[in-house]
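Data first, discussion second: the structure below is written as C-alpha cells.
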Amino acid sequence: MTSPRARTPGAADLPIRDDLRGRDPYGAPQIDVPVRLNTNENPHPPSPRLVRALADAVERAAGSLNRYPDRDAVELRKDLADYLGHGVTADQVWAANGSNEIIQQILQVFGGPGRTALGFEPSYSMHPTIARVSGTEWINADRDADFGIDPQGAIGAIHRHRPDVIFLTSPNNPTGTALPLAVVQEILAVAPGMVVVDEAYAEFRRQGTPSALSLLPGNPRLIVTRTMSKAFAMAGTRLGYLAADPAVLEALLLVRLPYHLSTVTQVVARTAIAHREELLAAVGAIREERDALVGWLRGEGFAVADSDANFVLFGRFGDRGRVWRGLLDKGVLVREVGPPEWLRVTVGLPEEMAVFRTALAEVMGAEVMGETACERDETA
Ligand SMILES: *Cc1c(COP(=O)(O)O)cnc(C)c1O
C-alpha cells in the first residue's frame, strides 16, 4: 500500500530534538472517496436548523473577537458538566482543543522527562505519540487475546514499572473493547500516579456497560476524558474535555496555553450541547448498525472483536494491505490499524455499510480466486 506521509521536507537537516529524529507524524490517510469509514466520525452532518443556530452563535460572538476569549471557558464547562451528569460539577470539568490536547496537557503536568506512562496495546496510538513528544517514556503492557486487560498482569506491570500515568481506553480503539469497572478499580488501587480512562466512545457503549465517571468520588487521581468528535458529531469543532478532581484542574492550569480555547470554539461547542438531542439522536441507530455489522461479518466467517464503539475490528488477513487496497479501489476507505491481521471499519450510514458489505464480499471473492494468503477464521 502507499503510505501518504506528510514529512516536512528536510526536517532531518534541521537541529530538531534527538528524540524526535526518525519519527513519523500521525497520518490517518485523508483520501477523498465516496465511502469514508476510517476515522470513527459520526456520519450525520448537522441539520440545516442546527447549521443556522451555529452560524447565529458565531455571528453574535464575532462582534467581540477583538477581545481574548474567556480563558477558563466557564459557561462551556458548566454545560459539559450538565451533559455528563453523575453529579459532576463545572469545577471538575476541563476543556481543550480535542481530547488530544487534553491528553497533551495531562502528560505535560504528570509526565515529562524522567517519567513514564503505561498503556495496554493494541490501543490508541496518540497516547504513546503524545507521551514521547512530551518527553515521557512509554511502556507497553499487552492486552490479552480477546483484547481485554487481565487485572493480575496489569497489576504486575504496574508494580514493575511504577508508571506516573496509566492510560486505559474504554471502549478501546481500535478493538472496541470496554473495560469492566472492576478492572479499573483494581488498577486504581495499585497505581502510584494518575489513571486516565479515555472514554472517547462512551456514548456508544452497549447497555449495562458503566462509565468510569461513577468512580470519580473518592478517587482524586482518576481522570476521565471525553470528546465531541465521535458520538457528538462535531469532529470539526475540536472539543475534548475531562472530568476529575478540582485539584487536577488546578494542576493543568500550570501548562495550558493562555486563551487556548477560541471564542468561536466555545460558542460552537455550547450551541452543539444545547442541541445535543439532535446530535446524539443517531447514536442508537449507529449502535444497531454496528451490532448488525458484527453479526454479518461473523456470518461471513470473519473474526470480529466485540464492540462497544462506533467501529468494528475484523480479520484475520494474511495480507490486510491487499484487502485495504481492494476496498479503496471500490471507493471504500477503512483503516489499517491495530494488530497486523486485522482491519478497522467505522460504522457509517446504512447505505454506506451496504456498499462496504458488497465491496468486502467482492474483494474476498477475488482473494479466494487468486489463491492468496487470506485466512478466514475457522473458529469465529
Ligand atoms: C478519536 C479519539 C480521541 C479523540 O480525539 P479528539 O482530539 O477529541 O478528536 C481520543 N481518544 C481516542 C481513543 C480516540 O479514538
Label-point separation in nm, TYR259 to ARG276, each point 7 Å along Cα→Cβ = 2.9 nm
query = Restricting the count to DSSP beta bridges whose residues both fall in the stretch 131-251, what percent are antiparallel, rounded to a multiple of 5?
reply = 35 percent
note = With ARG17 itself left out, Lys, Arg at +1 and Asp, Glu at -1 over residues whose Cβ is under 11 Å from its Cβ give +1
message = Please report the net charge: other residues with Cβ closer than 11 Å to the Cβ of VAL133, K and R +1, D and E -1.
response = +2
query = Under unit Cβ charges (Lys, Arg +1; Asp, Glu -1), what dipole magnitude, rounded to 20 debye, does the chain have relative to its Cα centre?
reply = 880 debye
remark   = By the C-alpha gyration tensor axes a ≥ b ≥ c (rounded if a/c is under 1.5, else prolate when a/b exceeds b/c, else oblate), the shape of the stretch 60-276 is prolate
inquiry  = Please report the antiparallel percentage of the DSSP beta bridges confined to the chain, to the nearest 5.
reply    = 45 percent
message = Rounded, prolate or oblate, given the Cα gyration tensor of the stretch 164-254, with a/c below 1.5 counting as rounded?
response = oblate
Rounded, prolate or oblate (a/c below 1.5 giving rounded, otherwise prolate when a/b exceeds b/c) for the stretch 94-205 by Cα gyration tensor = oblate
remark   = Quick note on ASP32, ASP198, ASP306, ordering by fewest other C-beta atoms within 10 Å, gives ASP32, ASP306, ASP198
remark   = The distance between the Cα centres of the stretch 205-272 and the stretch 292-330, in whole Å, is 31 Å
key: DSSP-defined antiparallel bridges as percent of all bridges, the stretch 60-276, nearest 5   = 35 percent
query = Among residues other than ASP79 whose Cβ falls under 12 Å from its Cβ, what is the net charge (Lys/Arg +1, Asp/Glu -1)?
reply = +2
query = Given +1 on the Cβ of Lys and Arg, -1 on the Cβ of Asp and Glu, and no further charges, what dipole in debye does the stretch 60-276 carry about its Cα centre, rounded to the nearest 20?
reply = 540 debye
inquiry  = Counting only trypsin sites (Lys or Arg not before Pro) that sit in a DSSP loop (anything but H, G, I, E, B) with at most 10 other Cβ atoms within 10 Å, what is the longest stretch of the chain containing none of them?
reply    = 68-380
inquiry  = Within the chain, which whole H helices from DSSP have a Cα span along their axis of at least 30 Å and a mean Kyte-Doolittle hydropathy of -1.0 or more, if any?
reply    = 276-299
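Read-outs: derived from the displayed coordinates by stated rules, not from any lab. Note that the coordinates shown come from a computational prediction; the quantities given were computed from them, not determined experimentally. Because the Cβ atoms are built from the backbone with ideal geometry, glycine has one as well, and the counts that use them run over all protein chains shown.
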